[in-house]
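*Asks:* Below is one structure. I have some questions about it.
The values are calculated or read from the model by the stated rules, or taken from the named source; none is laboratory data. None of the values given here were measured: they were computed from a predicted structure. Glycine also receives a Cβ, built like all others from the backbone with ideal geometry; neighbour counts cover every protein chain displayed. Heads up: the accessible areas ignore ligands, DNA and RNA and are worked out on the full protein's heavy atoms, side chains in. Shrake-Rupley method; radii C 1.70, N 1.55, O 1.52, S 1.80 Å.
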Amino acid sequence: MAHVSEDKKKLVARFVKLINDNSVVGAIDIEGMPAAQLQKMRETLRDNDIELIVAKRRIIKHALEQAKESKKGIEQLEEFLKGMPALIFSKLDSFKLYKLLKSSKSEAPAKAGQTAPKDIVVKAGPTPFLPGPIISELGAVGLKSGVEDGKVAIKEDAVVAKEGDVITAELAGLLTRLDIKPMEIGLNLTASLEDGTIFKKDVLDVDEEQFIADITRLAQESFNLSVEAGYLTKDNVEIVLNKVFRECKAVAEESGFLADVVVEDMLAKAEGSAKSLKSAANIPD
């Protein structure tokens, strides 16, 4: 690192030490985050033994390069240094870290020039606007509208900006007037490295309720399949044996095959048939 000041060398050395001392290293984008909120977030992170360091992209790249011999795969984080980059260091696993950071985010209105963090959808429904120029303004961003009960209403859901699109001043103003806050203020974890594996944001962003529901459904379907196929496991053996028993009993009863488990039922059935015949033939006792 020729022509680099001692302070920058010390910062790189600090990065390298933290990279080696922590099981999870994440790339963070803090672009657009107010300084006061960043400071408050840092305090929250320290309470969870998590450290965040902001530095110029070049400094972080030097640190990743130096650490790649001792930390497998760390150089892969370079491509995820987005916006205003920082690195975060934690002993929490990647999914818990992402969940913690996501829970700390807050909604914010869009501003011109910002990048949409996800698809921005405007839902169909009434608006507070009176008919007028607003109808053409809505149409300019792809929203179909009409007049209902004296107010402008949006006719159908529409995506007004896709993830990664730059938000125009017109769209930002319209979203604000519709009270739609599509932006998130917080630490944006773009990717993390854990045990040599890169976990991207789209992998880490798990809907826990949906995930549990899917696992529960798949477990039930697998269980049902094993029962139908007669594949015995410690979980289904009792149900499978009961099913086989009922099926065998039904075959025995249908074929008139006398066996211990069906003899009483068959005699009762025969007695019932005899009584019905006796009654039909009007045979006296």
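*Asks:* Would you call E208 at negative phi and at pLDDT below 80?
*Replies:* Details: at negative phi: yes; at pLDDT below 80: yes.
So E208 passes the test.
*Asks:* Is it the case that some residue within segment 232-242 is touching a Leu at 6+ places or on another chain (Cβ under 7 Å), in a helix (DSSP H, G or I) and of a type outside the set (F, W, Y)?
*Replies:* Of all residues in segment 232-242, those touching a Leu at 6+ places or on another chain (Cβ under 7 Å) come to 240.
Remaining after also requiring in a helix (DSSP H, G or I): 240.
Next, only the ones that are of a type outside the set (F, W, Y) stay: 240.
Looking for residues that are touching a Leu at 6+ places or on another chain (Cβ under 7 Å), in a helix (DSSP H, G or I) and of a type outside the set (F, W, Y), one finds at least one in segment 232-242, hence yes.
*Asks:* Right, something else. Being touching a helix residue (DSSP H, G or I) at 6+ places or on another chain (Cβ under 8 Å) and closer than 24 Å to G83 by Cβ narrows it down to one residue among L175, L171, L138, L193; which is it?
*Replies:* Details: L175 fails: touching a helix residue (DSSP H, G or I) at 6+ places or on another chain (Cβ under 8 Å); L171 fails: touching a helix residue (DSSP H, G or I) at 6+ places or on another chain (Cβ under 8 Å); L138 fails: closer than 24 Å to G83 by Cβ.
That would be L193, the only listed residue that is touching a helix residue (DSSP H, G or I) at 6+ places or on another chain (Cβ under 8 Å) and closer than 24 Å to G83 by Cβ.
*Asks:* State which residue is most open to solvent (accessible area, probe 1.4 Å) when the search covers only segment 6-28 and only residues that are in a helix (DSSP H, G or I) and among the β-branched types (V, I, T).
*Replies:* Keep residues of segment 6-28 that are in a helix (DSSP H, G or I), which gives 6-21.
Now restrict to residues that are among the β-branched types (V, I, T): 12, 16, 19.
Values: V12: 1, V16: 26, I19: 0 Å².
If we take residues in segment 6-28 being in a helix (DSSP H, G or I) and among the β-branched types (V, I, T), then V16 is most open to solvent (accessible area, probe 1.4 Å).
*Asks:* Suppose we filter K155, K123 for residues that are over 21 Å from E107 (Cβ atoms) and basic (K, R); which single one remains? Give the steps one after another, and end with the answer.
*Replies:* Values: K123 fails: over 21 Å from E107 (Cβ atoms).
Residue meeting the stated conditions: K155.
Quick grid of which residues meet (1) in contact (Cβ under 8 Å) with a residue 40 or more places away in the chain; (2) more than 30 Å from A27 (Cβ to Cβ); (3) of a type outside the set (S, T, Y):
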{"residue": "L97", "(1), (2), (3)": "yes, no, yes"}
{"residue": "K102", "(1), (2), (3)": "yes, no, yes"}
{"residue": "G113", "(1), (2), (3)": "yes, no, yes"}
{"residue": "D119", "(1), (2), (3)": "yes, no, yes"}
{"residue": "T127", "(1), (2), (3)": "yes, yes, no"}
{"residue": "A140", "(1), (2), (3)": "no, yes, yes"}
{"residue": "E148", "(1), (2), (3)": "no, yes, yes"}
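*Asks:* If I filter segment 39-62 down to residues being among the hydrophobic types (A, V, I, L, M, F, W, C) and in contact with a strand residue (DSSP E or B) (Cβ under 8 Å, 6 or more places away or on another chain), which single residue comes out as most open to solvent (accessible area, probe 1.4 Å)?
*Replies:* Going through the qualifying residues, I end up with V54.
*Asks:* Just to be sure before I move on: is K91 touching an Asp or Glu at 6+ places or on another chain (Cβ under 8 Å), within 16 Å of A191 (Cβ to Cβ), open to solvent by 60 Å² or more (accessible area, probe 1.4 Å) and in contact (Cβ under 8 Å) with a residue 60 or more places away in the chain in the structure I sent?
*Replies:* On the way: touching an Asp or Glu at 6+ places or on another chain (Cβ under 8 Å): yes; within 16 Å of A191 (Cβ to Cβ): no; open to solvent by 60 Å² or more (accessible area, probe 1.4 Å): yes; in contact (Cβ under 8 Å) with a residue 60 or more places away in the chain: yes.
Considered against the rule, which asks whether it is touching an Asp or Glu at 6+ places or on another chain (Cβ under 8 Å), within 16 Å of A191 (Cβ to Cβ), open to solvent by 60 Å² or more (accessible area, probe 1.4 Å) and in contact (Cβ under 8 Å) with a residue 60 or more places away in the chain, K91 comes out as no.
*Asks:* Follow-up question, since we're still on this one. Out of E75, E79, E31, E107, which single residue is charged (D, E, K, R), in a helix (DSSP H, G or I) and in contact with a strand residue (DSSP E or B) (Cβ under 9 Å, 6 or more places away or on another chain)? Step through it out loud before you land on a result.
*Replies:* Values: E75 fails: in contact with a strand residue (DSSP E or B) (Cβ under 9 Å, 6 or more places away or on another chain); E31 fails: in a helix (DSSP H, G or I); E107 fails: in a helix (DSSP H, G or I).
None of the other options fit; the residue is E79.
*Asks:* Name the residues in segment 91-130 that are under 30 Å from G142 (Cα atoms) and either touching a Phe, Trp or Tyr at 6+ places or on another chain (Cβ under 6 Å) or among the aliphatic types (A, V, I, L, M) (or both), would you?
*Replies:* Across segment 91-130, the qualifying residues are A108, A110, A112, A116, I120, V121, V122, A124, L130.
*Asks:* Kindly provide the set of residues from segment 202-218 that are open to solvent by 60 Å² or more (accessible area, probe 1.4 Å) and part of a helix (DSSP H, G or I), ordered by number.
*Replies:* Result: D202, V203, E208, E209, Q210, F211, I212, I215, T216, R217, L218.
*Asks:* Kindly provide the set of residues from segment 34-72 that are touching a helix residue (DSSP H, G or I) at 6+ places or on another chain (Cβ under 6 Å), in a loop (DSSP other than H, G, I, E, B) and touching a residue at least 60 places away in the same chain (Cβ under 8 Å), ordered by number.
*Replies:* K71
*Asks:* Still on this model: For segment 69-88, which residues satisfy the criterion of being within 17 Å of F199 (Cα to Cα) and open to solvent by 60 Å² or more (accessible area, probe 1.4 Å)?
*Replies:* Passing the criteria: K72, E75, Q76, E78, E79, K82.
*Asks:* Which of the residues spanning segment 111-130 are open to solvent by less than 70 Å² (accessible area, probe 1.4 Å), at pLDDT 90 or above and on the phi < 0 side of the Ramachandran plot?
*Replies:* Of everything in segment 111-130, those that are open to solvent by less than 70 Å² (accessible area, probe 1.4 Å), at pLDDT 90 or above and on the phi < 0 side of the Ramachandran plot turn out to be A112, I120, V121, V122, A124, T127, F129.
*Asks:* Does I135 meet the test of being under 30 Å from Q66 (Cα atoms) and of a type in the set (V, I, T)? Lay out the reasoning, then the answer.
*Replies:* On the way: under 30 Å from Q66 (Cα atoms): no; of a type in the set (V, I, T): yes.
So I135 fails the test.
*Asks:* Now a separate question. Please give the number of the condition E65 fails out of (1) surrounded by 17 or more Cβ atoms within 10 Å (Cβ to Cβ); (2) out of contact with any Ser or Thr (no Cβ under 8 Å at 6 or more places or on another chain).
*Replies:* (1)
*Asks:* Please verify whether E184 is part of a strand (DSSP E or B) and open to solvent by 70 Å² or more (accessible area, probe 1.4 Å), treating the condition exactly as stated. Please lay out each step first, then the result.
*Replies:* On the way: part of a strand (DSSP E or B): yes; open to solvent by 70 Å² or more (accessible area, probe 1.4 Å): yes.
Considered against the rule, which asks whether it is part of a strand (DSSP E or B) and open to solvent by 70 Å² or more (accessible area, probe 1.4 Å), E184 comes out as yes.
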